[in-house]
1. For segment 384-396, state whether one or more residues are assigned to a strand (DSSP E or B) and in contact (Cβ under 8 Å) with a residue 40 or more places away in the chain.
2. Among strands (runs of 3 or more DSSP E) lying entirely in segment 1-88, which contain 1 or more residues that are farther than 30 Å from residue 203 by Cα?
3. Which one is farthest from residue 158 (Cα to Cα) among residues in segment 288-319 that are modelled with pLDDT under 95 and in contact with a strand residue (DSSP E or B) (Cβ under 6 Å, 6 or more places away or on another chain)?
4. Any chance segment 106-117 includes a residue that's assigned to a loop (DSSP other than H, G, I, E, B) and outside the structural domain of residue 222 (by TED's automatic domain parsing)?
5. Can residue 248 be described as of a type in the set (Ser, Thr, Tyr), modelled with pLDDT of 95 or more and assigned to a strand (DSSP E or B)?
6. Looking at 321, 272, 267, which is the one that is in contact with a Gly (Cβ under 8 Å, 6 or more places away or on another chain), more than 21 Å from residue 137 (Cα to Cα), buried (at least 22 other Cβ atoms within 10 Å of the Cβ) and among the β-branched types (Val, Ile, Thr)?
7. If residue 402 meets every condition in (1) in a helix (DSSP H, G or I); (2) among the aliphatic types (A, V, I, L, M); (3) within 14 Å of residue 367 (Cα to Cα) apart from one, which number is that one?
8. Consider segment 345-390. How many of its residues are touching a Ser or Thr at 6+ places or on another chain (Cβ under 7 Å) and not hydrophobic (A, V, I, L, M, F, W, C)?
Amino acid sequence: MGCGSVSKPLKVALLGAGVVGSQVARIILNHADDLEARIGRRLELVGIGVRTPGSRQGIPDELLTTDLDSLVSKGVDVVIELIGGIEPARGLLMKAIGNGASVVSANKALLAQELGNLSRAAESKGVDLYYEAAVAGAIPIVRPLRESLVGDDITAVMGIVNGTTNFILDKMVTDGVSFESALAEAQELGYAEADPTADVEGHDAAAKAAILAGLAFHTEVQLDQVFCEGITTITAADIAAAEQMDCTVKLLAVAKLTRDDRVVVKVHPAMVSNKHPLASVSGAYNAIFVNSREAGELMFLGAGAGGAPTASAVMGDVVTVARNRHRGAAGHANSPYTERAVAPIGDSWSQFYVTFDVVDRPGVLAKCAAVFGNHDVSLRVVQQSYLADDGTEQEFAARLGVMTHAAPETNLDAVLDELRASDFVGSEVRVMRVEGF
């Protein structure tokens, strides 16, 4: 291009004008000069696809359209997908990629299911697929896993990736309130949806865990391969038991290698040692802890949701993609997928904390220890306390809290079955996984 010539603007189509989409649109429109200086080329927002017509604050009405298909037609350089869900998002992105557009998405549900297919389509067309905002809002974690640490061997990724559940658990710990009360406050403050199922049952975190696992271990992980357990059954007794062990209860997304080099991906509540950095992550914040062979331990912390933080991550990807288009080159591709298998939860090793009531008579503690030993689960800590004496005769008068050493999940399941079938243990046997010791 000759000296003094002016590059044509890069044409950008935005799908979605919700909280995040509207913020992204305002950034592109209101900071056009700054963005051009950083990219070397101007961004032209050619249209914003919405499902229902109507004005959006700060966005010119002429940019809005319900014809989303027309926005991803040939001639568009970058498509930003912020509509969420599987369809029509998947079809629109495949069409955009097929027409030669680079793509930026924050759609965790879609990427957890279709990342492999979308990545292969983008690679075949020589275009970019970026999705930093899909996992933890403003926290830069996708790019470090995809690029900065790609020459290292990651052994585990563990994090708090859902701000709603972290807020709820934090309120239960600090204020001593019930799950229901903490959830109601989260909804009042806007941290939780009217229907909080995706958050409190762990589905949102599971989608993010699938994406993180695929990046960390260069393997394709399907959402249905992620073990998922939410926080709806967490009680004040669980919180108190964690405090006795100098732990804090967190909902964790975990991806790690098994002893035979398979990948296990899981989401569940866990007692996290207060000595571990994740234990101190409070409120609606997110954090991701990475273990790797060469870099060692790394932690990424920040706002995991919200319009402005998520828009920041989206715009970081948009600028990167735009720079690549300006240079006429695609950016960093995903690493080729390996054939590394995804292990079922039963093959995963964890530490556990098991609580149950027992009859108060000689030899019971030995019998309980024998149950664990029968299934090759060794004990690390055993705590005994007496239940409140209200003057009435109680069959089960003592409560045991047992922390194990690491053991296979299948072995622990066998322990639980035997405890529940015994005549010296009460009907309720509770278990929580333990991390950070």
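The values are calculated or read from the model by the stated rules, or taken from the named source; none is laboratory data. Predicted, not measured: the structure shown is a model, and the values here were computed from it. Positions of Cβ are generated from backbone atoms using ideal geometry, with glycine treated the same way; all protein chains shown enter the neighbour counts.
1. no
2. Values: elements: 10-15, 43-49, 78-81.
In segment 1-88, the matching strands (runs of 3 or more DSSP E) lie at 10-15, 43-49.
3. Checked segment 288-319; the qualifying residue farthest from residue 158 (Cα to Cα) is 309.
4. yes
5. Here the answer is yes, as residue 248 does meet what is asked.
6. One residue alone meets the criteria, 272.
7. Evaluating residue 402 over (1) in a helix (DSSP H, G or I); (2) among the aliphatic types (A, V, I, L, M); (3) within 14 Å of residue 367 (Cα to Cα) leaves (1) as the failure.
8. 6
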